1. Charges at C-beta only: +1 for Lys and Arg, -1 for Asp and Glu. How large is the resulting dipole of segment 42-104 about its Cα centre, in Debye rounded to 20?
2. Could you work out the relative contact order of the chain? I mean the mean sequence separation of Cα pairs under 8 Å and 6+ apart, divided by the number of residues, in percent.
3. Rounded to the nearest 10 degrees, what's the angle between the helix 42-54 long axis and the longest principal axis of the chain, both from Cα atoms, 0 to 90?
4. What is the order of MET113, MET45, fewest Cβ neighbours within 10 Å to most?
5. Please work out which option in [x] -0.26, -0.39, -0.95, -1.33; [y] -0.44, -0.60, -1.00, -1.30; [z] -0.25, -0.37, -0.93, -1.46 gives log10 I(q)/I(0) by the Debye sum over Cα atoms at q = 0.09, 0.11, 0.17, 0.21 Å⁻¹ calculated from these coordinates, and answer with its label.
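Every number in this text was worked out from the coordinates using simple rules, so none of it is lab data. Small disclaimer: the values here were computed from a predicted structure and weren't measured. Note that each Cβ is placed from the backbone with ideal geometry, even for glycine, and that neighbours are counted across all protein chains shown.
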Amino acid sequence: MLSLEALFCHVDDFCRWFEPRWQQHLLGEGLQRRSRSRSLSLSEMMTILIAFHQSAYRNFKWFYTQFVCRYWRKAFPRLVSYQRFVEWMPSTLIPLCAYLRHCFGRCTGISFMDSTSIKVCHNRRIASHKVFK
């Protein structure tokens, strides 16, 4: 796992490159809407979400309220409440997908696939297992 600073720098560099290009491709609604800036930037939100997936926490609410709000308050001084963060999370989906694609390496033509068998059920119940029939 990258340190918080290294992760944020990598995500922030990507967001500075990605956001202007993304805004050019968005369709307008035709109406003038007030675009008030959020207290957390897109790169800060993406950093928190990526750090959650790299952590051992299984529940995002617990991660955000018990870890981020307690220990990362200095790193994110304008941290918002959990409810507000969850409201803003859908706006990070496309940038997160683009960041994931950006982090992939170039395909060299050679790919490996893990073919380890996954035990679905006990051997006695194989005949009655209905999922893979």
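1. Value, rounded to 20: 200 debye.
2. Relative contact order for the chain comes out at 28 percent.
3. In the chain, helix 42-54 runs at an angle near 20 degrees to the longest axis.
4. MET113, MET45
5. Read-out from the structure maps to [y].
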